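Here the structure is laid out as structure tokens; the discussion comes afterwards.
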Amino acid sequence: MKLKTIFVALFVAGALASVGPASAQFGGLGAAVGGGKSDSKVDIDGQVKSFTTQSSATYAQVFNALKAVEAAYASDEQMAKIKEQVTNFNKSTDPGERQSMVASTVKSSGASLAELTQGADAQEKTKKLSKDKQKLLLAGVSNFGIAALGAGNLGKTGADIIKSASSNPMSIGKVLPVKDALPILADTVSVSAKVLPALLKVMKGANMSVPETKVDSKPAELDAGMFK
């Protein structure tokens, strides 16, 4: 197993421990440490299949949630581009393409939202959003919080799967999809810890009510039709 894989697994655990302020609003990201336990008797194929299914769902939730937050503050020209991106992502059936799109979005959206929340006019911009855009913002933020909690759980589970497989050289190749997913899950947790507290502060300053979100909270439905 490459050192990069080990570092990614450790980063997931470390990121969960560092979420601080975000945990109060989003049900305690630290609780996400409770991933699956390592068990050599469990079929690796079954574990990887289950992990892949869950990571695919998490990718979709992360991508759509971040695009919803972006769209809330977007111009008409930007909105058209975002809507096209959402449509293309949700139509794609290529796991590699979807994974790449999510990885890129987590980084780019994380950076743009961090810049937005640091702006002196962030609260004023948020107050001036239309009701539809405030609704889109709220849905995106809540869904990203839920997705980050899920990513934390999944990252710990993935690290456990790799740990189990490391004792059997014949299983190493089977866990490559898990290894590839860990950096994205870790980035999701890290970005949520950095961005969500500041974004929640901005929203509350704009007199928006943000309900508490937990890992088992029901996410809002987001589709390209809402990006208008």
Please go through the stretch 167-181 and pick out each residue that is surrounded by fewer than 21 Cβ atoms within 10 Å (Cβ to Cβ), in contact with a Ser or Thr (Cβ under 9 Å, 6 or more places away or on another chain), among the small types (Gly, Ala, Ser) and part of a helix (DSSP H, G or I). SER171
Selection from the stretch 63-112 of residues outside any helix (DSSP H, G or I) and touching a residue at least 24 places away in the same chain (Cβ under 8 Å) yields TYR73
Give the residue, chosen from ILE184, ILE146, ILE162, that is more than 26 Å from PHE89 (Cβ to Cβ), of a type in the set (Val, Ile, Thr) and assigned to a helix (DSSP H, G or I). ILE162
For the stretch 85-141, which positions are under 14 Å from LYS67 (Cβ atoms), more than 18 Å from the chain's Cα centre (by Cα) and β-branched (Val, Ile, Thr)? THR87
Restricting attention to the stretch 170-179, does a residue exist that is out of contact with any helix residue (DSSP H, G or I) (no Cβ under 7 Å at 6 or more places or on another chain), over 19 Å from ASN143 (Cβ atoms) and in contact (Cβ under 8 Å) with a residue 60 or more places away in the chain? no
Residues (in a helix (DSSP H, G or I), basic (Lys, Arg) and within 16 Å of the chain's Cα centre (by Cα)) located in the stretch 187-228: LYS194
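Read-outs throughout are calculated quantities, based only on the coordinates presented, and are distinct from any laboratory measurement. Bear in mind that the values here come from a model prediction, so they are computed numbers and not experimental data. Positions of Cβ are generated from backbone atoms using ideal geometry, with glycine treated the same way; all protein chains shown enter the neighbour counts.
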